[in-house]
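Enquirer: Quick one: the structure is below, and I'll ask about it shortly.
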Amino acid sequence: TSGHLRHVESMAQLPSGAGRISHLNAVVLGESLASEEHDLVFPSPEFSSQALLSSPEHGFWSEIAKEFYWKKGWGDGPIVEQNLDVRKGTVKIEWFKGATTNICYNALDRIIGRGDGNKIALYWEGNEPGHDAKLTYNELLEKVCQLANYLKDIGVKKGDAVVIYLPMLMELPIAMLACARIGAVHSVEELGSGCFGLSSHLFASSPLSRLFLLVLCGVTRQRILDCRPKVIITCNAVRRGPKVIHLKDISDAALLECVNNGVSVGMRLENSSYFWVCLTYENQSAMKKEATKWVEGRDIWWQDVIPKYPTTCAVEWVDAEDSLFLLYTSGSTGKPKGVLHTTGGYMVYTATTFKYAFDYKPSDIYWCTADCGWITGHSYVTYDAGRCWDIVDKYKVTLFYTAPTLVRSLMREKTEYVTRASRKSLRVLGSVGEPINPSAWRWFFNVVGDSRCPISDTWWQTETDHPLPGAWPQKPGSATFPFFGVQPVIVDEKGNEIDGECSGYLCIKSSWPGAFRTLYGDHERYETTYFKPFPGYYFTGDGCSRDGDGYHWLTGRVDDVINVSGHRIGTAEVESALVSHPQCAEAAVGIYAFVTLIDGVPYSQELRQSLVLAVRNQVHRGVRGAGQDPLGAGLPKTRSGKIMRRILRKIASRQLDELGDISTLADPSVVDQLIALTDS
Ligand code: PRX
């Protein structure tokens with residue numbers, strides 16, 4: 001396989017990637033003579049049918065897929081069925097359908113089977129330096145099996161959803177793998193969305209704290225209602241730097257709200273009147289069992305039950321297209337958007353992109369600073385700017401993967417924090433989440449990597465599951481060229497592909513194994529959001545330009561989604577957080593937030609503060625009020641009451657001569673008032 005990979009790799013290294021092949025004239029040898037020098041000459045069908053690698057889409061992925069364990073293969077038929085063109089019917093992407101496998105088996109049993117059971121699978125580093133742990137593959141598999149057996153025992157079956165609301169404890173990957181082992185669909189709830197602003201003293205027990213708790217569990221509740229899990233797996237609390245975050249309180253409030261909404265999902269255990277099972281890990285370093293609020297009959301301590309279960313558990317063989325997990329992400333409306341990934345394609349694609357984007361070798365020690373549910377580099381900085389590099393030395397980390405936001409925070413600190421650690425083990429650095437600005441890139445490259453480690457700037461999305469790696473000369477700030485088998489194109493407003501040096505909308509042509517298959521419970525929205533804007537293509541939502549050398553430069557989101565420190569935030573989510581505040585009537589969010597208070601409510605600094613807090617708590621702690629005082633103007637609305645965001649955006653970015661047609665506004669004078677008031 002490696003010989004073929006080298007062949008395809010060298011194809012992928014052409015700046016145009018595979019995407020441009022389609023623009024050229026293709027000729028099949030034997031059918032007609034190659035008349036022009038630049039025509040592509042394809043092998044004959046006879047040759048292809050016997051070749052080890054027949055085409056990037058088919059032979060390539062099936063060759064790679066053979067490195068994994070499949071209980072049953074995919075036969076001789078095509079390995080992919082796809083329609084990405086909404087004009088031709090329902091959008092459908094299926095890879096390796098009919099084949100059966102299990103990703104947990106491939107991640108653990110397969111490694112143990114080849115004799116690596118005593119190798120370290122996971123290193124764990126706690127909040128305080130010195131608080132650490134590790135697990136070998138053998139130990140990890142045993143723990144996964146115990147939890148899998150418990151879940152099976154209480155009635156969780158293939159296809160059932162399990163919500164996991166855990167911080168970065170080893171129990172988080174254990175829980176994910178246990179679900180995968182029995183064919184259950186995990187939905188990892190990101191820690192950032194609901195609870196970041198929580199601290200023990202702020203949310204002690206005042207009525208206000210209870211109110212906030214109810215408000216901020218809204219996101220979690222909506223997602224629970226969307227996927228209707230059988231079980232919630234959480235822990236009582238977690239420490240983040242100096243803060244204690246009470247995760248269980250948030251799960252409790254979310255579950256209570258579900259019940260109050262008359263939703264009886266989940267499942268009932270014997271002798272219990274509750275529908276939900278809330279398996280709770282006692283995270284002793286943050287909070288003792290005794291201090292945890294408890295619902296008898298519904299809540300179960302992880303440590304009380306899981307160790308009693310057997311340490312082996314038969315694997316549930318699932319179809320390659322059976323659901324593996326849901327991951328909720330932000331869209332341009334406030335509705336939960338459950339990105340659904342299936343098993344086979346995701347497994348093959350993730351392992352392969354990882355291997356090539358990071359040049360992974362079995363001897364590497366990989367550290368990704370992201371939360372399993374969210375990129376959370378900040379937390380390492382808040383209390384020790386040197387901790388990262390000390391950890392690199394402690395574990396001899398070779399591959400270090402992080403987000404530009406962490407790089408920027410660390411570069412503000414003294415260089416000694418970096419240079420006091422040797423960092424000799426580092427081989428490859430990775431960046432993800434947002435464009436990395438050239439000065440941060442240079443600091444990362446020169447200071448952290450001592451100018452010897454390449455930076456893999458990996459552009460990808462929750463939906464796409466793939467990076468564009470940097471295995472070629474790099475340009476600081478560019479995500480360079482596509483991964484093999486992926487065909488990014490840049491299109492203009494009308495959806496026409498544009499070649500050469502250009503700028504436009506980033507789309508992807510044809511499917512790839514790691515593409516998400518649907519939005520849970522809403523295939524229509526999947527088509528509308530991703531496939532209708534530019535028919536025939538998957539639309540990423542990102543703007544992109546290509547330079548004369550064919551390098552890709554991501555220019556950020558073009559929809560109503562903003563990227564704050566590598567974290568995607570839907571403006572609609574921020575809006576609904578603002579209007580959930582009891583004294584707020586209406587809100588519109590671009591880069592600024594424009595809010596209208598309920599008639600008669602006086603504006604005050606405290607009120608502004610608490611509005612900002614509502615957003616921070618519900619959406620992301622990175623959100624900060626910029627300090628703008630009351631504007632005293634209304635919002636620019638059409639006569640039918642629709643807020644014209646386009647105008648707000650132009651006002652906020654001071655592009656005042658590009659306001660466009662404002663004649664449809666109910667009250668056009670609002671525009672002048674807003675301009676005058678935002679002038680300062
Ligand atoms: O705008 C792009 C930006 O992050 C978005 C995806 O966000 P999310 O699904 O939360 O995933 C983050 C981690 C995979 C994209 O639409 N983005 C991500 N990586 C990069 C990036 N922008 C520029 N360069 C990147 N390397």
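Every read-out reported here was derived from the displayed coordinates using simple, explicitly stated rules and does not represent laboratory data. Keep in mind the model is a prediction, meaning the values are calculated, not measured. Glycine gets a Cβ as well: all are built from the backbone with ideal geometry, and neighbour counts include every protein chain shown.
Enquirer: With respect to the cross-link table entries Lys88/Lys509; Lys72/Lys92; Lys361/Lys424; Lys134/Lys337, which display a Cα-Cα separation exceeding 25 Å?
Expert: Violating the 25 Å Cα-Cα cut-off are Lys134/Lys337.
Enquirer: Treating cross-link reach as a plain straight distance, find the aspartates and glutamates whose alpha-carbon is under 13 Å from the alpha-carbon of Lys248, omitting any fewer than eight places away in the same chain.
Expert: Within the straight-line limit of under 13 Å, Lys248 reaches these aspartates and glutamates: Glu189, Glu282, Asp299.
Enquirer: With a Förster radius of 22 Å, plug the Cβ-Cβ distance of Lys494 and Ile675 into 1/(1 + (r/R0)^6) and report the FRET value to the nearest 0.05.
Expert: Computed FRET efficiency for Lys494 and Ile675 comes out at 0.10.
Enquirer: Next question, about the same structure. Compare the Cα positions of Val163, Leu147, Ile182 along the charge dipole of region 103-182 (+1 at Cβ of Lys, Arg; -1 at Cβ of Asp, Glu; about the Cα centre) and return the one farthest towards the positive end.
Expert: Among Val163, Leu147, Ile182, the one farthest towards the positive end of the dipole of region 103-182 is Ile182.
Enquirer: Let me ask something else about it. Say R0 is 22 Å: what FRET efficiency, to the nearest 0.05, do Lys355 and Thr136 get from their beta-carbon distance?
Expert: Values: r = 22 Å, r/R0 = 0.98.
So the FRET efficiency works out to roughly 0.55.
Enquirer: Arranged from highest to lowest average of other beta-carbon atoms within 10 Å per residue, in what order do the peptides 413-420, 528-535, 249-256 appear?
Expert: In descending order of packing, they fall as 249-256, 528-535, 413-420.
Enquirer: Which of the peptides 554-561, 601-608 is most tightly packed, and how do the rest follow, judged by the mean count of other Cβ atoms within 10 Å per residue?
Expert: Ranked by mean Cβ neighbours within 10 Å, highest first: 554-561, 601-608.
Enquirer: If I stretch the segment between Ile598 and Asp364 completely, what's the gain in nm (0.36 nm per residue apart, minus their alpha carbon distance), one decimal?
Expert: Values: separation 234, 0.36 × 234 = 84.24 nm, distance 5.78 nm.
Stretched out fully, the Ile598 to Asp364 stretch lengthens by 78.5 nm.
Enquirer: Could you give the length gained by full extension between Lys88 and Ala652, i.e. 0.36 nm per residue of separation minus their alpha carbon distance, to one decimal place?
Expert: 199.0 nm
Enquirer: Ok, one more. Listed highest first by mean packing, meaning other Cβ atoms within 10 Å per residue, what order do 536-544, 164-172 come in?
Expert: On the way: 536-544: 21.2, 164-172: 23.1.
Per-residue Cβ counts within 10 Å, averaged per peptide and sorted highest first, yield 164-172, 536-544.
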